[in-house]
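The values are calculated or read from the model by the stated rules, or taken from the named source; none is laboratory data. Source: prediction; values computed, not measured. Methodologically, a virtual Cβ is constructed for each residue, glycine included, from the backbone with ideal geometry; neighbour enumeration extends over all protein chains shown. Surface areas here come from the heavy atoms of the whole protein model, side chains and all, with no ligands, DNA or RNA. Shrake-Rupley method; radii C 1.70, N 1.55, O 1.52, S 1.80 Å.
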Amino acid sequence: MPRGVNSTQTFHNTVTEFTEELVACPYNMAHQLRPARLVRHLVICRRESLSCTTNPAYKRALAIRICSYNSSHHIHRADMEHHLTLCSGAMQFRQEQEHMLKNSEVREQKPEIVKKKIAVTAAADSDDEDWDKEMEGLNLGTYNPMEKVVQENLLFNAKGMNKSGRQNIRSMQRLGDKEGLSQVVNGHKNEKGSSSGAGYLPVGMSECPVKKKGNKKK
């Protein structure tokens with residue numbers, strides 16, 4: 001006996017050993033498997049047990065039935081009725097059947113109430129979206145964005161005008177000549193009522209046509 005050890009002292013392993021939950025196969029109790037591999041094993045073990053009449057598990061395999069709600073439940077036929085009262089798949093199936101039955105009874109008993117609700121909601125939707133009534137009394141005219149530019153004296157892109165015309169517009173904006181700027185932007189009408197296409201220019205300002213530069217021949 002080693003030194004310093006009492007004869008009455010006992011020893012035990014302080015490290016907990018790895019343990020895993022195993023499930024027994026219903027066809028052969030010697031088959032201990034992990035739950036994750038049970039479904040695959042049941043298919044193989046049942047096929048092998050029923051393949052040969054001399055197999056020791058043949059008679060047991062004949063008496064085992066597969067649950068209709070869960071294929072991993074292989075139960076003896078004598079215990080199948082009790083199993084169906086506890087099977088989670090069977091309970092869920094019965095709950096779904098009861099729910100569908102209640103819904104069908106409600107549809108059959110109260111068709112008129114459903115029709116009335118649909119009619120009421122349709123009438124409410126039609127009243128809420130009556131655009132003709134909402135537009136009554138409104139005086140909606142056309143919108144001219146250039147009038148806003150003239151009134152607020154805003155800068156804008158004088159597209160299609162030559163350099164002299166753009167300078168005249170900038171000058172009228174600085175002077176605050178809204179009437180002249182409005183005629184230049186929107187165009188003024190002559191006495192016959194047709195648009196002349198040319199804008200109003202204050203005294204001292206003339207519209208200079210754009211001169212095309214030609215190539216000089218040497």
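This table checks each residue for (1) of a type in the set (Ser, Thr, Tyr); (2) within 47 Å of the chain's Cα centre (by Cα); (3) more than 17 Å from residue 186 (Cβ to Cβ); (4) at pLDDT 75 or above.
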| position | (1), (2), (3), (4) |
| --- | --- |
| 130 | no, yes, yes, no |
| 135 | no, yes, yes, no |
| 138 | no, yes, yes, no |
| 148 | no, yes, no, yes |
| 152 | no, yes, no, yes |
| 160 | no, no, no, no |
| 169 | no, no, no, yes |
| 172 | no, no, no, yes |
Quiz item: When you look at residue 70, is it in contact with a Ser or Thr (Cβ under 8 Å, 6 or more places away or on another chain) and more than 18 Å from residue 24 (Cα to Cα), yes or no?
Solution: no
Quiz item: Yes or no: residue 65 surrounded by 10 or more Cβ atoms within 10 Å (Cβ to Cβ), in contact with a strand residue (DSSP E or B) (Cβ under 8 Å, 6 or more places away or on another chain) and either in a strand (DSSP E or B) or modelled with pLDDT under 70 (or both)?
Solution: yes
Quiz item: When residues of region 45-62 are filtered for being within 23 Å of residue 87 (Cα to Cα) and within 51 Å of the chain's Cα centre (by Cα), how many remain?
Solution: 3
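Assess whether residue 15 counts as being at pLDDT 90 or above and not small (Gly, Ala, Ser). Show your work before the answer.
Values: at pLDDT 90 or above: no; not small (Gly, Ala, Ser): yes.
So residue 15 does not fit the description; no.
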Quiz item: Given (1) over 49 Å from the mean Cα position of the chain (by Cα); (2) open to solvent by 60 Å² or more (accessible area, probe 1.4 Å), where does residue 20 come up short, assuming only one miss?
Solution: (1)
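Which of the residues that make up region 45-55 are under 21 Å from residue 73 (Cα atoms) and open to solvent by 50 Å² or more (accessible area, probe 1.4 Å)? Spell out how you get there, then give the answer.
Of region 45-55, the ones under 21 Å from residue 73 (Cα atoms) are 45-51.
Within region 45-55, 46, 47, 48, 50, 51 meet the criteria.
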Quiz item: Can you tell me which residues in region 42-62 are closer than 18 Å to residue 29 by Cβ and either in contact (Cβ under 8 Å) with a residue 12 or more places away in the chain or not in a helix (DSSP H, G or I) (or both)?
Solution: 42, 45, 46, 49, 50, 55, 56, 57, 60, 61, 62
Practice problem: Just give me the residues in region 178-201 being crowded, with 18+ Cβ neighbours inside 10 Å and at pLDDT 50 or above, in sequence order. | Solution: 180, 181, 182, 183, 184, 185
